[in-house]
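**Q** Okay, handing you the structure first.
Nothing in this text is a laboratory measurement; each read-out follows from the coordinates by a stated rule. These numbers come from a predicted model, not from an experiment. Methodologically, a virtual Cβ is constructed for each residue, glycine included, from the backbone with ideal geometry; neighbour enumeration extends over all protein chains shown.
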């Protein structure tokens, strides 16, 4: 069974631009979560989607948004990029989201210059 | 205070040593506990998944949960250089939709 696929693997953007990251979950998994990983803050929860509905959201500004499609694939968008948004963005899927363990993709490395 | 505390290390051990990795937490509602391994330039990989207190063994890995002390551990027996990675503890409360992670401990196993 294929794992979680994230595209692109690497992105370089300029301050003020916006970016869209894509995630394809493991087949049969209906929950998708997004995390930001930085050396200083570790893994920080962004949001979780199940059946196209956002069920939980972390403490990030409104510039960070996401959505999930009917096939469980998900995208996250960051608008008006700031230097501090440079990070590894990880997508994880799980069967149902509640109590089931997360399975991660290899992330998208975003660099903002 | 963070909900989950984990010593970031680094922890350096010789090959063949027993490694002990630990996390403490403050939220007594946490019911499900996990350990992940993350290699450089890769996403975290699930190693162990346990519910409530007790021990779980899988090959060279043993996970322990002590809910009364709010303390979880991962033991690695006969450590190998290929075990060199960052180990992250994680936990979720019953019915929760958000997994909380520790900061991760960097482990180096020297040949």
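**Q** Taking the DSSP beta bridges in chain A as the whole, what percent of them are antiparallel, to the nearest 5?
**A** That works out to approximately 90 percent antiparallel.
**Q** Which residue fluctuates the most in chain A, going by a Gaussian network model with Cα springs under 10 Å, if the choices are A:40, A:66, A:58?
**A** The residue with the greatest mean-square fluctuation here is A:40.
**Q** Separate question: Taking segment B:5-59 as the region of interest, what is the percent of Cα-Cα pairs per 10 angstrom bin, listed from the shortest bin to the one with the maximum distance?
**A** 16, 47, 34, 4
**Q** How big is the protein assembly as shown by Rg and Dmax over its Cα atoms, in Å?
**A** 17.4, 50
**Q** Starting with the highest mean, order A:45-55, B:99-109 by the number of other Cβ atoms within 10 Å, averaged over the residues of each peptide.
**A** B:99-109, A:45-55
**Q** To the nearest whole number, what is the average tally of beta carbon atoms from other chains within 10 Å of the beta carbons of peptide A:101-109?
**A** Averaged over the peptide's residues, the number is 5.
**Q** Can you pull the mean other chain C-beta count within 10 Å for peptide B:86-95?
**A** 2
**Q** Next up: Pick from A:94, A:70, A:31: which is most flexible by mean-square fluctuation in a GNM of chain A where alpha carbon atoms under 10 Å apart are linked?
**A** A:70
**Q** What fraction of the Cα pairs in segment A:21-113, stated in percent, has a spacing above 20 angstrom?
**A** Across segment A:21-113, Cα pairs with separations above 20 Å total 29 percent.
**Q** In segment B:83-111, whose amide N lies under 14 Å from the spot 7 Å out along Cα-to-Cβ of residue B:71? List them in ranges.
**A** It comes to no residues whatsoever.
**Q** Neighbour counts of other C-beta atoms within 10 Å: give me B:75, B:33 arranged from fewest to most.
**A** Going from sparsest to densest Cβ surroundings: B:75, B:33.
**Q** Pairs of Cα atoms under 8 Å, at least six residues apart: use those to get the relative contact order of segment B:26-111, whole percent.
**A** 30
**Q** For segment B:15-111, just run the numbers: alpha carbon Rg, then divide by 2.2 N^0.38 Å, N being how many residues it has.
**A** After normalising by residue count via 2.2 N^0.38 Å, the value is 1.05.
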